[in-house]
Structure formats: structure tokens, C-alpha cells
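The next block holds one structure in the form of C-alpha cells; read it before the comments.
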Amino acid sequence: MVKAKSVFVCSSCGAKYARWQGQCRECGEWNTISEQVLSEAPTAGAAVARRALSGFAGAAGTGVAALSEVQVQGTARLPTTFQEFDRVLGGGIVPGSVVLIGGNPGAGKSTLLLQTVCRISAGTRVLYVTGEESLEQVALRARRLNLPTGGVRVAAETSIDNICALASAEKPQVLVVDSIQVMHVQGVESAPGSVSQVRESAAALTQFAKKTHIAVFMVGHVTKDGTLAGPKILEHCVDSSVILESGNDPRFRTLRCHKNRFGAVNEIGVFAMTDTGLKEVKNPSAIFLNRQEKVAPGSLATVVWEGTRPLLVELQALVDYSQYGNPRRLSLGTDQNRLAMLLSVLHRHAGCQFADQDVFTNVVGGVRIEETASDVPLALALLSSFKGVAIDRQTIAFGEIGLTGEIRPVASGQERIAEAFKQGFRRFIVPKDNAPRQIPAGMEVHAVSRVDELLELVG
Ligand code: TYD
Ligand code: MG
């Protein structure tokens, strides 16, 4: 008897091994390696796309062409009717693009996509394929949310071959596949959700989208450690990868772009989850700022530049005498190493000794700040908590701190100042090179160039 060939695959990163082992050498995960029987047609995905393409012109391999002569068709973006969603996608849905929407169970991925397809269905042909819910459930939800369902076509299907065939017949402009983890491709032996099924399904859908100019949204679940199941595999084959996540406040969801071939990354969109589905939050700064009446030491607002727009958030710091020999340093929402660096710079260049203090910092609302402009406000919040002196509520700060104690300018300084002024802030602590030349009436600007100048501004 001929033994079927098999390979051992890690379900986290997709690495392949000849025999089983407890830990994956590539990603370090334990118990993620399982046996998979090799299929006879290793490129099952390609075969699916080919099988389903018969209804479309121009689907055959095109050979080599001059770049200047390549025909570009249908590049106008389709709006999603959600401004927040459009901005995250880089200005709307690109025909033929593949977008992966990731998120924890219950984040609202199905809700967001159902709302989107229903709202665009008046002018756009859409096909919503669900592999997780029944058609009744989808219809119930659409009715409960009062969505216009007239032009929406739906199907309950888990076979990629059938989905491609359905889409070939329906010829939609937008196809939603919810979710990629329950899909399977003919000719791949392993179970739905396994790395090879997810990869083949995604590859087949991607090829199908590219050749038919149908925009495809794939829903992908996030595993318990926060990565998309088979993250590397999915992320490199799609055009855009966005994650819908809920922060500390369960009412709000942020849509964050991690990869985008058609726009800027770091763009975020903010939604509120209400009893009638997701609603856009047009002024997200308002929810990330603490509206307490009384000011307490250790808190300060800052403007971060996420993607193409400013966002006002509140930073908090707590500096407290450490009871133990090994003081704790913990930062939530900002880089841990940067906190250690800031504490050293404050010690060396401003004479503040934190060696016997526990230090905690936090960004209110569960926002993550990647940029260095949060150095100055963090340092101010640390000093404020350390000295026990509250900073005036109308104060806002931004700027980068260098290792020699200098304060460096950051990008989009003027825009940050303008946005904060619009939101009611009046006292600005900014790097010297970001200070505005003309100061409007009512604005107080402290242009700083060294960290020791921050000391005088607190207390
Ligand atoms: P869902 O879109 O099913 O999540 P996902 O597809 O990402 O797993 O959203 C389910 C959650 O959203 C659920 O916890 C309830 C909440 N929700 C509301 O609060 N209001 C609503 O109108 C809807 C449809 C869902
Ligand atoms: Mg769902």
C-alpha cells in the first residue's frame, strides 16, 4: 500500500517540518504543530480561481507587457458610506482589492460589513457570503438594524469553489466572505481553520479578486494571543489588513490599518457600538480625553498624529515610593523601553531621581501611541506626579526627547497646535522649532529646547 505523504505544519506561523515536535523552531510556539496530508494538487487555490473564471473576459495569463501600456480599468473607489471606514481604507474600496478585517469574536466585524454592504447596495452590486451564521440570522440582524436590504444578495456557503462560482454568476462589485477560517478548498485535505486551508482559501479568493476586479472583504479571527490565525500567511497575500478592536471602553471600537497597498497605515477610524449597530464617532478626541472636573497630578493631554489626522488623548503617570528593592516600571499604550530612556534622561539632564520610585504610565481610552511626540507630555506627567503638582487642564504638550536632553521638533506641529486650539486648549508646551510664529490672541506658548526647562513648567 502506498503511504500518503504528510507534512507537519505549525498552525501559528505556517512553518513546515518533516516530523512532529513540541515547539515550533520558527515562532517558538508550543503544541501548534500538527500533521497534514499533502494534497495531490498543491496549488488547489489556483485551480479554484481558474475553474471559476470562465465567465470573465481577460482572465487568462497576460504575458509580458509594457507598464505604460497596461490597461487600467475601474480604479474609481467605491465609498463605504462610513467616512471613518473610507479613511482607513485610504479613501474607499478599490475594485479588485482584497481587504482582511480582523478582530476578536464579538468585535463587530460581521455587523460592520453587513451595515456597509446594505448601505451601499442601492448603487453597487454586493454579495454577502456567510459561513458562520444562517441566512435567517443575517436577515434578522439586518432587519433589526433597519438596514436597506433591497439590493443585497446573500449566500450561506463554506466552499471557496462554490463561492467563486456564485460570484462568477452574480458578478458583484463587492464580495464579503465571513469568515476565512471556516472556508475550505477542494483538494486540500486538512480541516477548515488549519493553516493550509486558510492559506489556500485566501490565495484562491485573492486570485479571483485580481482577475475579476471584484473587491473582496475577508473576515479573519484573532487568536487568543492577539494574532490573526496564520497571520503571516494572510497578511502578505491581501492588499490591506485592518483590525477592529475594542479598547478599555467597551462601547467604542477602533478600526486600525496595519497594511495598506492603497493608502496610509496607522490610520484609525472610531465607531461606537450601539443597540442599532455601529455608529461613526466624528470627534474621537472627545472620548479619549478625561473630562473630570478636578485636576489631579500626573495627567496631561497630548496630540498624536495617527495617519492623516490629529487625535487628542490623555496621558497619565503615577510615581510612587517603592516599598521593595526593585522598583517597577510599567507603561501601557507607549513603548516600555522609551519610558526607561525618559527616566534616565530626566535623571541625567534634569536632576530628578526616580531610582527608588515605582513608575506607571497609561494612555487613557486604550489608545496605542507609536510616535515619539509623546515624550514631552510623558515627561511632564511624570514630573507632575513626582512633585504632586497638577498641571492646568488647558495645557497640552508634544515633542520628542533625545538622549542628550534636547527637545526635538515633530512632524505636523502646526496642525497639532491648530487642532488642540480648536478643542479648547490654550496653554501649549512645544519644541522650539514647532512653535508658531504668530500667536493668536488667548494662546500661551512655551517653546522648550531642553528637558530641564520642563521642570520649571511644572509647579
Ligand atoms: P458581531 O458583528 O457578530 O461580531 P463578530 O462578527 O466580530 O464576531 O458583533 C457582535 C457583538 O456586537 C455582540 O457582542 C453584540 C454587539 N452588538 C450590539 O451591541 N449592537 C448591535 O446592534 C449588534 C448587531 C451587535
Ligand atoms: Mg461574525
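Testing Val451 on (1) farther than 28 Å from Lys282 by Cα; (2) surrounded by fewer than 19 Cβ atoms within 10 Å (Cβ to Cβ), one condition comes back false. Which one is that?
(2)
Counting only residues that are under 16 Å from Thr124 (Cα atoms) and within 16 Å of ligand 1 (Cβ to nearest atom), which one in the range 80-111 is surrounded by the fewest Cβ atoms within 10 Å (Cβ to Cβ)?
Here the residue is Phe82.
Condition check ((1) surrounded by fewer than 14 Cβ atoms within 10 Å (Cβ to Cβ); (2) of a type in the set (A, V, I, L, M, F, W, C); (3) farther than 27 Å from Glu406 by Cα) across all residues:
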residue: Gly298; (1), (2), (3): no, no, no
residue: Gln316; (1), (2), (3): no, no, no
residue: Leu330; (1), (2), (3): yes, yes, no
residue: Thr361; (1), (2), (3): no, no, no
residue: Glu370; (1), (2), (3): yes, no, no
residue: Leu380; (1), (2), (3): no, yes, no
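Given the residues Gln181, Gln173, which is the only one that is away from ligand 2 (no atom under 14 Å from the Cβ) and either polar (S, T, N, Q) or modelled with pLDDT under 95 (or both)?
Going through Gln181, Gln173 in turn, just one is away from ligand 2 (no atom under 14 Å from the Cβ) and either polar (S, T, N, Q) or modelled with pLDDT under 95 (or both): Gln173.
Return the only residue of Ala60, Ala66 being surrounded by fewer than 18 Cβ atoms within 10 Å (Cβ to Cβ) and at pLDDT 85 or above.
Unique residue meeting the criteria: Ala66.
Go through the range 407-419 and report how many residues are crowded, with 17+ Cβ neighbours inside 10 Å and in contact with a Lys or Arg (Cβ under 9 Å, 6 or more places away or on another chain).
The number of residues fulfilling the criteria is 3.
Just name the residue that is nearest to ligand 1 (Cβ to nearest atom) out of those in the range 119-131 that are in contact with a helix residue (DSSP H, G or I) (Cβ under 6 Å, 6 or more places away or on another chain) and more than 7 Å from Val152 (Cα to Cα).
Thr130
Of all residues in the range 76-121, how many are within 13 Å of ligand 2 (Cβ to nearest atom) and closer than 24 Å to His236 by Cα?
Total meeting the criteria: 11.
Conditions (1) surrounded by fewer than 18 Cβ atoms within 10 Å (Cβ to Cβ); (2) away from ligand 2 (no atom under 16 Å from the Cβ); (3) modelled with pLDDT under 95; (4) not in a strand (DSSP E or B), marked per residue:
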{"position": "Gly150", "(1), (2), (3), (4)": "yes, yes, yes, yes"}
{"position": "Gln186", "(1), (2), (3), (4)": "yes, yes, yes, yes"}
{"position": "Ala191", "(1), (2), (3), (4)": "yes, yes, yes, yes"}
{"position": "Leu205", "(1), (2), (3), (4)": "no, yes, yes, yes"}
{"position": "Lys210", "(1), (2), (3), (4)": "yes, yes, yes, yes"}
{"position": "His221", "(1), (2), (3), (4)": "no, no, yes, no"}
{"position": "Lys232", "(1), (2), (3), (4)": "yes, yes, yes, yes"}
{"position": "His236", "(1), (2), (3), (4)": "yes, yes, yes, yes"}
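For a quick check of your reading: which strands (runs of 3 or more DSSP E) sit entirely within the range 272-330 and have at least 1 residues that are touching a strand residue (DSSP E or B) at 6+ places or on another chain (Cβ under 9 Å) and within 16 Å of ligand 1 (Cβ to nearest atom)?
Counting at least 1 such residues, we get 277-280.
Could you tell me whether any residue of the range 393-409 is aliphatic (A, V, I, L, M), in a loop (DSSP other than H, G, I, E, B) and at pLDDT 95 or above?
Looking for residues that are aliphatic (A, V, I, L, M), in a loop (DSSP other than H, G, I, E, B) and at pLDDT 95 or above, one finds at least one in the range 393-409, hence yes.
Does Gln137 satisfy the condition of being within 14 Å of ligand 1 (Cβ to nearest atom) and either within 26 Å of Thr212 (Cβ to Cβ) or touching a strand residue (DSSP E or B) at 6+ places or on another chain (Cβ under 6 Å) (or both)?
no
Report, by residue number, each residue of the range 83-126 that is in contact with a Leu (Cβ under 8 Å, 6 or more places away or on another chain), in contact (Cβ under 8 Å) with a residue 24 or more places away in the chain, under 24 Å from Phe252 (Cβ atoms) and part of a loop (DSSP other than H, G, I, E, B).
Result: Ala107, Gly108.
List pairs: first residue in the range 250-264 and farther than 19 Å from Trp305 by Cα, second residue at pLDDT below 85 and of a type in the set (S, T, N, Q) anywhere in the structure, Cβ distance under 7 angstrom, at least six positions apart or on different chains.
Phe252/Ser246
Starting from residues that are of a type in the set (Gly, Ala, Ser) and in contact (Cβ under 8 Å) with a residue 60 or more places away in the chain, keep the ones in the range 152-170 and report whichever is nearest to ligand 2 (Cβ to nearest atom).
Once the filter is applied, the top-ranked residue is Ala167.
So which pairs qualify, if the first residue must be in the range 175-189 and under 14 Å from Val37 (Cα atoms), the second must be in a loop (DSSP other than H, G, I, E, B) and more than 12 Å from ligand 2 (Cβ to nearest atom), the Cβ gap must be under 6 Å, and the two must be at least 6 apart or on different chains?
These pairs meet every condition: Gly187/Ser39; Gly187/Ala41; Val188/Ser39; Glu189/Ser39.
Within the range 13-22, take every residue that is over 24 Å from the mean Cα position of the chain (by Cα) and under 24 Å from His236 (Cβ atoms) and give me the one that is surrounded by the fewest Cβ atoms within 10 Å (Cβ to Cβ).
Lys16
The values are calculated or read from the model by the stated rules, or taken from the named source; none is laboratory data. All of these numbers come straight from a predicted model, not from anything done at the bench. Note that each Cβ is placed from the backbone with ideal geometry, even for glycine, and that neighbours are counted across all protein chains shown.
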